[in-house]
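First up is the structure itself, then whatever we jot down about it.
The values are calculated or read from the model by the stated rules, or taken from the named source; none is laboratory data. Just so we're clear, the structure is a prediction, and the values are computed from it rather than from any experiment. Methodologically, a virtual Cβ is constructed for each residue, glycine included, from the backbone with ideal geometry; neighbour enumeration extends over all protein chains shown.
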Amino acid sequence: MLDPRKRQTNWKLPFLGLLSIGLGCMISVSPLGKGQAGKYGFAPGKLPSSVQSALKQAELNPDDASYTLTAAEMLVDQGRLQGNSEAVAAADAMLVSMPGSADMVRALRLRAIAQQYLHNFNQALDLLDLTLAKNNHDATALLTRANILLVQGKLSEARETCRTLARAMRYDLFILCDTTANAIGEQAAVVANRLSAFVDSGRMDPALVGYAYSVLGEIAMFQGDGIQAQSHLEKAQKADPENLRIRMLHADSLLNLNKPEAALAALDVSANTDSLLVRRAIAYKQAGKTEELAQASKEIDSRIQGNLRAEHTGHAREEALYYLEVINSPSKALERANINWKFQREFEDARLLIDAATAANSTADAKKVQTWMRNENVTIPGLVSRLQKAGLTAEWADKLK
């Protein structure tokens, strides 16, 4: 999931959710439950002063769309940074009601980023199609489109979108995008070496170096090289300490090495999103911190019940991870992993479904991932070995070596 949250000269890269990206293995950072109260998604008195000032300017200049766009963009940024989906939704509502927004490239692109964050992936893609119809070299729109396709597991389509970035003369973004799109395929080692060389050459935009190291760290994790993964992700966090996605990946690498205290340090931020909370619970369990684990579990259980009552499905990934790694309930984990698989098909989603299916003795559910892996030529050892543990084969992976 490409997910750097940095402003460049005249464009802005989307934050996903992580975004995503996923992908590769983009991680959602939107909160479980109902979010925060207030007109713009923040509790009374908690609206950041910079956003409040931008909103005031928009109110004072109702005939100048640029003020509304700036306020909405800042609200989206703050929402994503703090894991506040209600703030992102409020910004989207502002854009929808703004006269002429359907014809403005900036408004369409920002709405697409908001819908992506809210897990309305198909709606986001429709908005991006409108954006690219007006400017087919819009780097942010192209990158966001590739990110969403990766989240949906459409690797071939994502690679084609990445190639368009090269034609748009954004070679640095092309390398990041193409590396992510090939992170779980037969070219993983090749593209990782190319990205590493590009970073070492000094040609990578400094604002993107942290993200580049995070991609290298992900690929190392996919390959089963925990030490290399931790090294890359430590560099990533140092380069971009405010990026929640990088912190979560770093924590994952440390948990894989059975270093829960170090993982908790990586997760030591004020945000309390679902992804952060579940990883803290896993770290508490590893570290034997029973009191802290009980408190975290109580909060997660409450949020999950709220989601079930509201019939929210956008956070099924974290719910499955919680049931599998913290509660040790394979049946519940499998149920949520299957729901998640309908919408998200990245490495973590595939890993979760295979692991939950294996724990629940459901070969039929693991076969769903096997079919997707075969269709998309997914050959990464971290998934192939899991298929084999589930009693299934990945014969195409051997043929591609």
Seminar exercise, completed: The condition of being within 23 Å of Arg280 (Cα to Cα) and among the basic types (Lys, Arg) holds, among Lys367, Lys332, only for Lys332
For this session: Kindly establish whether Arg303 is outside the structural domain of Arg80 (by TED's automatic domain parsing), at pLDDT below 95 and either in contact with a Leu (Cβ under 7 Å, 6 or more places away or on another chain) or among the polar types (S, T, N, Q) (or both).
Result: yes
Exercise. If you check Phe15 against the conditions, is it closer than 30 Å to Asn340 by Cβ, modelled with pLDDT under 50 and of a type in the set (Phe, Trp, Tyr)?
Worked result: yes
Seminar exercise, completed: Filtering the stretch 104-162 down to residues that are outside any helix (DSSP H, G or I) and at negative phi yields Met104, Leu118, Asn120, Asn135, Asn136, His137, Asp138, Gln152, Lys154
Problem set entry | Qualifying position, being in contact with a Gly (Cβ under 9 Å, 6 or more places away or on another chain) and surrounded by fewer than 18 Cβ atoms within 10 Å (Cβ to Cβ), among Pro241, Pro206 | Pro241
Exercise. Among the residues of the stretch 184-204, how many are over 21 Å from the mean Cα position of the chain (by Cα) and in a loop (DSSP other than H, G, I, E, B)?
Worked result: 6
Problem set entry | Within the stretch 209-256, helices (runs of 4 or more DSSP H) holding 1 or more residues that are among the hydrophobic types (A, V, I, L, M, F, W, C) and in contact with a Lys or Arg (Cβ under 8 Å, 6 or more places away or on another chain) | 244-256
Problem set entry | Unmet criterion (only one of (1) crowded, with 21+ Cβ neighbours inside 10 Å; (2) under 22 Å from the mean Cα position of the chain (by Cα); (3) outside any loop (DSSP other than H, G, I, E, B)) for Arg345 | (3)
